[in-house]
Amino acid sequence: MRPTQVTERRNDPTSSPLDERQWGDGELVITIDGPAGAGKSTVARGLAARLGFAFLDTGAMYRSVTLGCLRQGVSWDDASAIGRVAGRVEIRFEGDRVLLDGEDVSAAIRSTEVTDHIRWVADNAEVRALLGGLQRRAAVGMRIVTEGRDQGSEVFPDAACKIFLTASPETRARRRHAELAARGQAATYAEVLSAQIRRDQEDASRPVGALRPADDAVIVSTDGLSEEQVIERLVQIVAARALATDPNAE
Ligand code: DC
């Protein structure tokens, strides 16, 4: 069985308000978890860019395995077959692109078909163990922002800084609705809201890796804040944590 591989990208730092030396030389993991539509993806990418850290989109990994299963016609009630697909496919990140067995699937993994079937993959204990292991391996020796549902609670319990990003269901559905409309995808606000409520329930009731804030996560609501404002808030939180753990801090 070919092991799944993940490489993570390194963002170019733009303006980091933090002195590089504050971080020391070692590995430094910042986790960002939260429900769908809280704005995690853009904000996590933006934070990574601001800090000059690498970025890992773990949702893209679950999406890629789901696409692999769809393509191989795996039966959704066959948990071991789903686990085998996860163990066979190769997932790589190149900048903003996601490659599945060498093919650019960045758009394909965002399809409704993938989103509608993802729970079979995300609920699978074997897949979670496998992808969690890959995520930990991708972070070895790195300064990295990693984004998902279980990063602070399960995968990186010792992360230097854990953020749980959330927003009211209405705000999240409104954002998603606008996003779909901008892409020319027709869906009413009511449809988007009910699909989101279903996903929230699935995320929260997952038998393994259920969505929950880690005990030591900082909970940030993005209601009423622009992306820039949220990134600014996170930079401040990270800076406070960095100073708190800096042995040279006064
Ligand atoms: O963040 P996203 O919408 O791309 O994630 C897609 C799905 O993957 C989401 O419905 C839940 C699942 N997921 C997960 O179970 N654990 C993660 N760490 C990331 C995503």
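Which residues, taken from the stretch 66-116, are exposed (fewer than 14 other Cβ atoms within 10 Å of the Cβ) and away from the ligand (no atom under 16 Å from the Cβ)?
Passing the criteria: Gln72, Gly73, Ser75, Asp77, Asp78, Ser80, Glu94, Gly95, Gly102, Glu103, Asp104.
Name the residues in the stretch 161-177 that are over 19 Å from Asp57 (Cβ atoms) and either assigned to a strand (DSSP E or B) or in contact with a helix residue (DSSP H, G or I) (Cβ under 6 Å, 6 or more places away or on another chain) (or both), would you?
Ala173, His177, listed by residue number.
Could you please let me know if Ala214 is among the small types (Gly, Ala, Ser), in contact with a Gly (Cβ under 8 Å, 6 or more places away or on another chain) and outside any strand (DSSP E or B)?
For Ala214, the condition - among the small types (Gly, Ala, Ser), in contact with a Gly (Cβ under 8 Å, 6 or more places away or on another chain) and outside any strand (DSSP E or B) - is met.
Given the options Ala214, Ala242, name the one that is touching a strand residue (DSSP E or B) at 6+ places or on another chain (Cβ under 8 Å) and modelled with pLDDT of 95 or more.
Ala214
Just to be sure I understand, how many residues within the stretch 10-54 are away from the ligand (no atom under 16 Å from the Cβ), modelled with pLDDT under 90 and touching a strand residue (DSSP E or B) at 6+ places or on another chain (Cβ under 8 Å)?
4
Within the bounds of the stretch 212-234, is there any residue that is within 13 Å of the ligand (Cβ to nearest atom) and touching a helix residue (DSSP H, G or I) at 6+ places or on another chain (Cβ under 8 Å)?
The answer is yes, given that some residue of the stretch 212-234 is within 13 Å of the ligand (Cβ to nearest atom) and touching a helix residue (DSSP H, G or I) at 6+ places or on another chain (Cβ under 8 Å).
Among the residues of the stretch 117-133, count how many are part of a helix (DSSP H, G or I), within 11 Å of the ligand (Cβ to nearest atom) and either more than 8 Å from Ile82 (Cβ to Cβ) or of a type in the set (Ser, Thr, Tyr) (or both).
The qualifying residues number 7.
Would you check which residues across the stretch 134-156 are part of a strand (DSSP E or B) and surrounded by fewer than 24 Cβ atoms within 10 Å (Cβ to Cβ) and list them?
The answer is Arg143, and nothing else.
Which of the residues spanning the stretch 216-245 are surrounded by fewer than 18 Cβ atoms within 10 Å (Cβ to Cβ) and under 27 Å from Ile118 (Cβ atoms)?
Passing the criteria: Ile219, Ser221, Asp223, Glu227.
Pull up the stretch 55-64, narrow it to residues that are within 9 Å of the ligand (Cβ to nearest atom) and among the small types (Gly, Ala, Ser), then point me to the one that is nearest to Ala239 (Cα to Cα).
Filtering first and then ranking leaves Gly59.
The values are calculated or read from the model by the stated rules, or taken from the named source; none is laboratory data. Because the structure is a prediction, the values reported are computed rather than measured. Reconstructed Cβ throughout: ideal geometry from the backbone, glycine too, with neighbour counts over all protein chains shown.
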